[in-house]
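The values are calculated or read from the model by the stated rules, or taken from the named source; none is laboratory data. Owing to the predicted nature of the structure, the values given are computational and were not obtained by experimental measurement. Backbone-built Cβ (ideal geometry, glycine too); neighbour counts: all protein chains shown. The accessibility values were calculated without ligands, DNA or RNA, using every heavy atom of the protein model including side chains. Shrake-Rupley method; radii C 1.70, N 1.55, O 1.52, S 1.80 Å.
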Amino acid sequence: MGLLNKIFGSKVEYPPLPAGNEAMVILDELKMPLEELAHKVSDHLEVVPAEHEAFVFLGKPPKNFGIAWIHDGEVTGLKEFAEEHKLSQIEVGRLIARLGEAYQHASETPRYSTEVGGKQMVIIPSKSLEQEMHQILANTLH
């Protein structure tokens, strides 16, 4: 049955994000931009909460995905990030590859589900993934 699920794209069901979880506090803080993103994007969303911000994988990570960064009350997509920091297509490709690897490093991290803006999202409350993503972005800019 597992092979058929992979072929036909069956979704994995995750338990609900527990009330009082630190990630829930961050999601509440970022509710407006998360709802905005949920309404704009039809893709599957996986959120990595961080202090006063969040990283959002869009699509099917670690292979076929986009990324958005919610910070300062705004949503920045990969395209805007690349333009703002004048990244070449090669640098963007490397960035995506490293973010995909970071996602895979967190493959054993517990995941939860919650609804934001009428859309189900997967929540990955992982300090190590958050730190790795920050490091990847910092290294890309230096």
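Taking first residues from region 82-105 that are over 13 Å from residue 63 (Cα atoms) and partners that are charged (D, E, K, R), the Cβ contacts under 8 Å between residues at least 6 apart in sequence or on separate chains come to 82/91; 105/132.
Got at least one residue in region 70-78 being among the charged types (D, E, K, R), open to solvent by 50 Å² or more (accessible area, probe 1.4 Å) and touching a residue at least 40 places away in the same chain (Cβ under 8 Å)? Within region 70-78 (the criterion being among the charged types (D, E, K, R), open to solvent by 50 Å² or more (accessible area, probe 1.4 Å) and touching a residue at least 40 places away in the same chain (Cβ under 8 Å)), the answer is yes, since at least one residue qualifies. Pick from region 41-52 the residues that are open to solvent by 20 Å² or more (accessible area, probe 1.4 Å) and touching a residue at least 12 places away in the same chain (Cβ under 8 Å): which of them is nearest to the chain's Cα centre (by Cα)? Checking each candidate, the answer is 44. For region 99-120, which positions are open to solvent by 80 Å² or more (accessible area, probe 1.4 Å) and either among the hydroxyl-bearing types (Ser, Thr, Tyr) or closer than 14 Å to residue 137 by Cα (or both)? Scanning region 99-120 gives a single hit, 101.
The one condition from (1) modelled with pLDDT of 95 or more; (2) part of a helix (DSSP H, G or I) that residue 139 does not meet is (1). Residue 62 falls short of the stated requirement of being open to solvent by 50 Å² or more (accessible area, probe 1.4 Å), more than 16 Å from residue 30 (Cβ to Cβ) and not in a helix (DSSP H, G or I). Exactly one residue out of 108, 132, 91, 83 is under 15 Å from the mean Cα position of the chain (by Cα), of a type outside the set (Ser, Thr, Tyr) and not in a strand (DSSP E or B): that is 132.
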